[in-house]
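Each reported figure results from applying straightforward, stated rules to the coordinates on display, with no laboratory input. Keep in mind it's a predicted model, so treat the numbers as computed, not measured. Virtual Cβ from ideal backbone geometry, glycine too; neighbours counted across all protein chains shown.
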Amino acid sequence: MVAGLSLNTVTVKEKWGLADCIEGCARHAIPGISPWRDVLQAMGVTAAARHIRDAGLTVTGLCRGGMFPAPDAAGRAAALDDNRRAIDEAHRLGAACLVMVCGGLPPGSRDLPGARAMVRDGLAAILPEALAAGVTLALEPLHPMTCADRSVLSTIAQALDLCDDLGPGLGVALDCYHVWWDPEVAAQIERAGKSGAGTRIAAFHACDWLVPTTDLVFDRGMPGDGVIDIAGLRAMVDAAGYAGFTEVELLSRRWWAEDPDHVLATILARHKAS
Ligand code: ZN
């Protein structure tokens, strides 16, 4: 069975706004969409929610919340306020989850355990609002190459430990690009499925690791062009009880330069072949 497919809007961000993405998904019969907050806010949340609903699309996630660590209390409070706005936006969109990119070290800091504590404290602070809004906070472990500037949360095990620690309302967003290398990937995906409250897996993001990779942020590969066993990872999350969409999320200067209709047609063809 081919799982449902979703388009993460960053995939075509250089040429399409959110309205174009919604129409593009409808035109290509892609049933899911996952907006980033910049294009969402550019369109307006109310208008976007209505257009997405009218197009019959499922919102598989909103990208993104997080970025908790900051050098001082005022910075950390500002981050919490921004996360509260993100929770409200996810709620108004009916998003399946709010994807959390938790943040790196505060500028100038060498205190990695301290930054991890800020992430935990930040999540604990906003969790009541997320629960009240019915929005799952999907912790996305990022490849450790991003530990300094984007995410001190690097592994599925770390994310699941936070889920266990903080309780209901949290899940994990598994992005092939970020987790494929992890020697524990199979065991931790299995662990994610064994939560008493059902699977912890709230999202599954697909793109590929190119060899050679020429840029650590903007050279992600189209599924099928690299070395990640995406179908194998998808089978693992299926076995762990995740029945949701496969969301294609490409940050790629190569694909940003292409005609977005060609990008969507390629994504669809690769998805059907997987
Ligand atoms: Zn992702």
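Please pick out the residue among Arg150, Arg116, Arg120 that is in contact with a strand residue (DSSP E or B) (Cβ under 8 Å, 6 or more places away or on another chain) and of a type in the set (Lys, Arg). Even if it seems obvious, please write down each step before you answer.
On the way: Arg116 fails: in contact with a strand residue (DSSP E or B) (Cβ under 8 Å, 6 or more places away or on another chain); Arg120 fails: in contact with a strand residue (DSSP E or B) (Cβ under 8 Å, 6 or more places away or on another chain).
After applying the criteria, what remains is Arg150.
Go through Leu142, Leu153 for me and flag whichever is farther than 25 Å from Ser274 by Cα, touching a residue at least 40 places away in the same chain (Cβ under 8 Å) and either within 14 Å of the ligand (Cβ to nearest atom) or surrounded by fewer than 14 Cβ atoms within 10 Å (Cβ to Cβ) (or both). Write out each step before concluding.
Numbers: Leu142 fails: farther than 25 Å from Ser274 by Cα.
Answer to the check: Leu153.
Would you check if Val172 is surrounded by 22 or more Cβ atoms within 10 Å (Cβ to Cβ), in contact with a helix residue (DSSP H, G or I) (Cβ under 9 Å, 6 or more places away or on another chain), of a type in the set (A, V, I, L, M) and over 20 Å from Arg220 (Cα atoms)?
Taking the combined requirement at face value, the residue satisfies it.
Can you name the residue in region 183-212 that is within 15 Å of the ligand (Cβ to nearest atom) and assigned to a loop (DSSP other than H, G, I, E, B) and is also farthest from the chain's Cα centre (by Cα) among such residues?
The selected residue is Trp209.
Kindly indicate whether Thr46 is surrounded by 19 or more Cβ atoms within 10 Å (Cβ to Cβ) and of a type in the set (Val, Ile, Thr).
On the way: surrounded by 19 or more Cβ atoms within 10 Å (Cβ to Cβ): no; of a type in the set (Val, Ile, Thr): yes.
So Thr46 fails the test.
Quick one: what pairs do we get from region 171-191, first residue touching a residue at least 24 places away in the same chain (Cβ under 8 Å) and within 19 Å of Asp208 (Cβ to Cβ), second basic (Lys, Arg) and within 15 Å of the ligand (Cβ to nearest atom), C-beta under 7 Å, 6+ apart or different chains?
Correct list of pairs: Tyr177/Arg220.
Suppose we filter Leu250, Leu216, Leu174 for residues that are within 18 Å of Trp36 (Cα to Cα), within 16 Å of the ligand (Cβ to nearest atom) and assigned to a loop (DSSP other than H, G, I, E, B); which single one remains? Reasoning before the result, please.
On the way: Leu216 fails: within 18 Å of Trp36 (Cα to Cα); Leu174 fails: assigned to a loop (DSSP other than H, G, I, E, B).
Being within 18 Å of Trp36 (Cα to Cα), within 16 Å of the ligand (Cβ to nearest atom) and assigned to a loop (DSSP other than H, G, I, E, B) holds for just one of Leu250, Leu216, Leu174, which is Leu250.
Residues of region 219-247 being more than 20 Å from Ser34 (Cβ to Cβ) and either buried (at least 20 other Cβ atoms within 10 Å of the Cβ) or within 16 Å of the ligand (Cβ to nearest atom) (or both), which ones?
Asp219, Gly226, Met236, Ala240
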